[in-house]
Every structure is written in structure tokens, then in C-alpha cells.
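The values are calculated or read from the model by the stated rules, or taken from the named source; none is laboratory data. Remember, predicted model here, so these are calculated numbers, not experimental data. All Cβ positions, even for glycine, are placed from backbone atoms using ideal geometry, and neighbour counts span all protein chains on display. Side chains are part of the model used for accessible areas, which takes the heavy atoms of the whole protein and leaves out ligands, DNA and RNA. Shrake-Rupley method; radii C 1.70, N 1.55, O 1.52, S 1.80 Å.
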Amino acid sequence: MGGAKADEKELRRLLREAGVGPTLIAKLESAGLLSPRGLKFIVAATPDELVEWLSLSSYESAVKLREAAKSIVGYQSAAVDAAQLMELEERLPKLTTGVKGIDELLQGGLRPGELYEFAGEFGTGKTQLCHQLAVTVQLPEEKGGMAGKAVYIDTEGTFSPHRILAMAERFGLGRSALSAVTVYRPLNTGELERFVREELSGYLEDGAKLVVIDSVIALYRAQYRGMEWLARRQQAINYLLDWLKRWARIYSAVAVITNQVLTHPLPSGVALKLPAGGNIIAHASTHRFLMRKAGDAWLIECIDSPRIPKGASVQFKITEAGVEDA
Ligand code: GTP
Ligand code: MG
């Protein structure tokens, strides 16, 4: 009997113990959900989604199934006090950007389970920074990494293995750094949404600790044109980012999106540059940063975060070796 089959048998037993009936267990089996990854999918889904996707008889049975799956995969969502939360947060690794100044701005690095947004005009370093994170995530924890792999969703066709290799050399990693980065290039928003909801967790189960969507907005702006599509577009982005955040929390992975900026002319004649995507992306992101080119240097500024002061900023530079301290 193979390992997977043995796991399946054990999961059946655990589900039965947790009060899930044989009919439902059979349903899970035919849906391909009798695996650790499948149970995490059940945890990630809402009861309403489970009712629809598994044709369950009631909302209550979906809630019960989720609770059983949560106890089996050991996912904690119980309330904790702030002291416990602080202890928990201190134990989590923080992902280094490989740039001291930016790490300090981020108060030590990027935290798993949170969504970081880097917005800026073209050439402001968004893609370079994402490449660098796909390398630093592979470093061991004592070097600021998460000893993990990366999933890079490239909607603009700007991913470059050569840049990964150059950065990997700088951080003392070899060519193997390339095979630890999975690149996915969706053709449209449907493919992007399906990948994030249905395939991403396979890579997370396999050790990915960073998920990048570079950029989150490009496909939506191209596909949903005009005001009459705006509401539907916003709803679709909201749902995509919601799934991204569910997976980041369940798998303790860092989630990163890049975003374009739009110019809003003010009556005063000043043009205000704001990230695209409106309130939906603003609310979904845990931390938002605006990146700018300033002469020969680059600048990254916090525009919204529950921890980092708004307006805090630091300069950096981009060289052959990647993103570096100015
Ligand atoms: P868009 O995707 O167009 O919105 O821009 P972006 O913000 O993603 O810019 P990106 O990170 O791709 O590039 C920022 C800058 O990095 C470029 O303008 C170049 O100056 C620099 N850069 C990119 N690749 C290299 C490289 O291989 N060597 C060096 N020295 N600089 C590079
Ligand atoms: Mg880019």
C-alpha cells in the first residue's frame, strides 16, 4: 500500500472520529479531497462554498465538516489574548528583502500570513523586488529566509530567470535556486483565479513560502473595460485576493502583489498618484507601499500599514546584483 493510500485510510478514521458520516466521506473522496491538502482546502473554503461545491444538504453540515477538517490539520482560529498573539508573532520568521534599509522599514522583514502590496509607475523596482524575494525566501531562517520555495505569478511577462540567477549568486545560492521558483503565466483573469483557488495550495503543500502576483491589476484592466464592468471587476479582484490571503494564513506564507498607479489630477493642478484598484485592493492589502524613481535612486514609502508609520520611507538602488541599499 502506497503512502498516499495509507494517509487516506488514516484521514477517513480521523474524519469518522470527528463525527463526519460515511456518505460525506465518500463525497470527499470522489471530489479528491481526502488528503492533507484537500482538508486544508475545506478549511480555506467558506461554508457556503462547501455547500455549493460538494452539494451538501445544509449550511450546518458544512460548518461541521470545516470544524472536523480544522481539528485534523491543526489549524487554530480560536480567540487568543494579545500576549499570546505577541508571543506567536515573535516566533514566526520574518522574510528579509536582502536590503537592510527596506528590512528596517518593514520592521524586520515580511511576515507570513500577511499581504504586502508594492505599487508604483513603470521602472520603479516592483518586479526586481519580487524577484529578490523569490530568492531570499530560499535562504535558511538564520539568514533571514524561510527555507522555502516561491510561486511567481507573472501576468505581465516580465519574469526573468537570469535575474533570479544573478540574485541567487549574490546570496550564495546556486543554480538550484531556479528550480525552487515556480512561474505561472495566466492568459486571463479566469486562469489566474482558478490557479490561486485550486492549484496554489499544491505548491504551498510542497514547501512554497512566498506567493507573488506581479501584477494583480494588469489582466483585470485589460479585460474589464469601461465603467459598466467596474463593479464586476472589483468583485473579482476582491475574491482573488481573499483566496490569496486565506492560503497565506493557512500555510503561513508571505503574499505579495504589485500594483500600477493611476494619476488623479487635482483642481490645484497637482497630480496625485494613487495605486490602482480602488478600495478593494486598499482594504485587502495588510501593508501598502508606493515605489518611486528619484533621480538615480529609488524610493519606497509606506502608504498604509497597521504597524509601520505612514510616510516612512527609505532609498534603495538597483544593480546587476539586484536590489541593494542606497
Ligand atoms: P513595470 O512592471 O513596468 O511597472 O515596472 P517595475 O516597477 O516592475 O520595474 P522593474 O522592477 O522591472 O525595473 C526597475 C528598474 O530596475 C529598471 O528600470 C532598471 O533600471 C533596473 N533593472 C532591471 N533589470 C536590471 C538588470 O538586469 N540590471 C540592472 N543593473 N538594472 C536592472
Ligand atoms: Mg514589473
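Structure data summary
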{"item": "FRET efficiency estimate (nearest 0.05) - Cβ-Cβ, Ala166 to Leu274, R0 41 angstrom", "result": "0.80"}
{"item": "Ala147 versus Ile308: modelled label distance in nm, points set 7 Å from Cα along the beta carbon direction", "result": "2.7 nm"}
{"item": "Added length on full extension, which subtracts the Cα-Cα distance from 0.36 nm per residue, Ala83 to Ala18", "result": "20.3 nm"}
{"item": "Nearest 10 degrees, 0 to 90: helix 126-136 Cα axis against the chain principal axis", "result": "60 degrees"}
{"item": "Cα centroid separation - segment 23-70 against segment 222-276, whole Å", "result": "30 Å"}
{"item": "Rounded if a/c under 1.5, otherwise prolate or oblate - segment 254-298, Cα gyration tensor axes", "result": "oblate"}
{"item": "Sequence-separation-based contact order of the chain, relative, with Cα cut under 8 Å and 6+ spacing, percent", "result": "20 percent"}
{"item": "Relative packing of 148-159, 125-136, which averages over residues the other C-beta atoms within 10 Å, highest first", "result": "125-136, 148-159"}
{"item": "Order by protection proxy (mean Cβ within 10 Å, highest first), peptides 306-318, 107-119", "result": "107-119, 306-318"}
{"item": "Sulfur and carbon atoms: percent of accessible area, segment 3-73 [1.4 Å]", "result": "54 percent"}
{"item": "Label point distance in nm, Met227-Ser176, each placed 7 Å from Cα along Cα→Cβ", "result": "5.7 nm"}
{"item": "Length added when fully stretched, Thr46-Glu104, from 0.36 nm per residue minus Cα-Cα", "result": "17.2 nm"}
{"item": "Alpha-carbon Rg/Rh ratio, for segment 88-325, with Rh computed the Kirkwood way", "result": "0.95"}
{"item": "Cross-link pairs Lys40/Lys100; Lys9/Lys245; Lys40/Lys310; Lys40/Lys209; Lys70/Lys310 - those with Cα-Cα distance over 25 Å", "result": "Lys40/Lys100; Lys9/Lys245; Lys40/Lys310; Lys70/Lys310"}
{"item": "Solvent-accessible area per residue for the chain (1.4 angstrom probe, square angstrom)", "result": "49 Å²"}
{"item": "Whole-number percent relative contact order across segment 249-320, with pairs defined as alpha carbons under 8 Å at least 6 apart", "result": "17 percent"}
{"item": "Descending principal axes extents, segment 1-123, alpha-carbon based, whole Å", "result": "56, 39, 35"}
{"item": "Theoretical FRET efficiency, 1/(1+(r/R0)^6), r = Cβ-Cβ of Val63 and Leu92, R0 22 Å, to 0.05", "result": "0.20"}
{"item": "Contact order relative to length of segment 3-73, as percent, for alpha carbon pairs under 8 angstrom and 6 or more apart", "result": "34 percent"}
{"item": "Alpha-carbon centroids, segment 143-158 and segment 179-201: separation in whole Å", "result": "13 Å"}
{"item": "Segment 88-325 - percent of accessible surface contributed by carbon and sulfur, probe 1.4 Å", "result": "51 percent"}
